[in-house]
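I have placed the structure first, in the form of structure tokens, so that the comments after it can refer back to it.
The values are calculated or read from the model by the stated rules, or taken from the named source; none is laboratory data. The structure displayed is predicted, hence computed values, not measured ones. FYI the Cβ positions are ideal-geometry reconstructions off the backbone, even for glycines, and counts take in every protein chain you see.
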Amino acid sequence: MENSRALHDELKHIVGESGILSDEQIAAYTFDGYIPKAVVLPASVQEIQDVLRFAAQQDLSVMPAGAGTKLGIGNLPEKVDVVLATTRLNSVIEYEPADLTVTVEAGIPLAVLQTELAKYRQFLSLNPPYAAQCTIGGIVATNASGSLRLRHGTARNQVLGLQVVHANGTVVKSGGKVVKNVAGYDLNKLYIGAFGTLGIITEVTLKLSPIPVRQAILTASFQNVQDAADTGLNIVGSQTLPMFVNLFVNADLRRNETEAAASENLPMLVVGFGGDPETVAWQLTHCKEIMQQNGAIGVTIVEDEPLQNLQEAIQEFPADSRDSERVIAKLNLKRTDVAEFAAQVVDASWARDVQMMALLGSGVLYLTVPVASDTDFQLLANALTQLRESAMARQGNLIIETAPSELKRHIDVWGAVGGRLSLMKLVKARFDPDGLLNPRRFISSI
């Protein structure tokens, strides 16, 4: 069905007038230069089933989405027919504060859920970028997490149960609604991080955490990346038990001009703590001692409103910018390799304006590379490929999360997965035999 107007009319029979976006509204779901033929917003699981069955009959591709913040992750698509967004599935289904669990529809925004949970001094311990827009379903489908993964883990650790609609319309449930749910196969893990290639997540049960009574951040600059990284790893391995330990290179997160001038262009360590006031006070004292013993410059405690501003800056660091094009790459490394790779990037001729954030406790290194009108994308692709090969030689990897479509024509954003590929293809063929869901955009064009 090539005529987009005819397609819209057919889909309106399924989702209603309010369940399909107008041509003017589709811009939010445009990615890699592709404009979807239609964006549908089903209001029920039944409507999702009907849309999928219709798409299968018409040989249309379906791109699952929440708010659309991560649609650009993946290789270039062959075609973009229907984007299926879950944003109208946005209710809290069941919340048990005493059990520290909540069940929600997939389209509820993270910010809305956190506001509801805060009424009971609880929160979901995930702080991925796009905080104001991203949905729970999108977070789970991409296994997004954030700096708090050091203390709480990723989305894989927070999800207790899922409801998913497969490409053929079958509704399946995995996991449960209690924390100690260990019987049988853990099918949750199969859908988490699958980028919607195996099914559309419609319902999620999550475990929660109490909001710390006191939160504080320590910041300090260092003369070089190695000293900052070594100090951060010392803190990670200490008894201070931080919530996160992040290293920033060429990224100005300071809150005033005096601080910025005092440590201009120096690597900065940012360490977060949360708990009861007495414990946090002890953590801050001992962490400050570790920093000072290792040559830290300008150790500062951040709390209250400045704390919130800094937390937001940290959370949004690996987010795409609407104001300027850039490449965002994510390296997964051993903790002890992060400093070496950060230094390798600092010394590279192509990386003069690259900014970096390393989650030292997790071995994750984010790079943001600005893109100009005269950028040589082949040269940039070669540099990223070389960095990826270095990471793979040390059992790591490099994924390009955001990039202009021109760069994607020169490089596979995912990289090779080796012997696991055959098993992944078998799983995809079993769950989505016709390649309906997000086709050819995942690893090795699955």
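So the values come out like this:
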quantity	calculated
Options A403, A383; residue that is in the same structural domain as W350 (by TED's automatic domain parsing) and either at pLDDT below 95 or within 21 Å of the chain's Cα centre (by Cα) (or both)	A403
In the range 146-160, residue nearest to the chain's Cα centre (by Cα) [restricted to those that are under 21 Å from I200 (Cβ atoms) and polar (S, T, N, Q)]	T154
Of all residues making up the range 98-120, the number that are surrounded by 14 or more Cβ atoms within 10 Å (Cβ to Cβ), in contact (Cβ under 8 Å) with a residue 60 or more places away in the chain and over 23 Å from I200 (Cβ atoms)	2
Failed item in (1) assigned to a helix (DSSP H, G or I); (2) modelled with pLDDT of 95 or more, with K189 passing the rest	(2)
In the range 309-352, residue modelled with the highest pLDDT [restricted to those that are surrounded by fewer than 17 Cβ atoms within 10 Å (Cβ to Cβ) and β-branched (V, I, T)]	T336
Which numbered condition Q57 fails, given (1) modelled with pLDDT of 95 or more; (2) surrounded by 14 or more Cβ atoms within 10 Å (Cβ to Cβ); (3) not hydrophobic (A, V, I, L, M, F, W, C)	(2)
Test for N127: is it surrounded by fewer than 22 Cβ atoms within 10 Å (Cβ to Cβ) and touching a residue at least 40 places away in the same chain (Cβ under 8 Å)	no
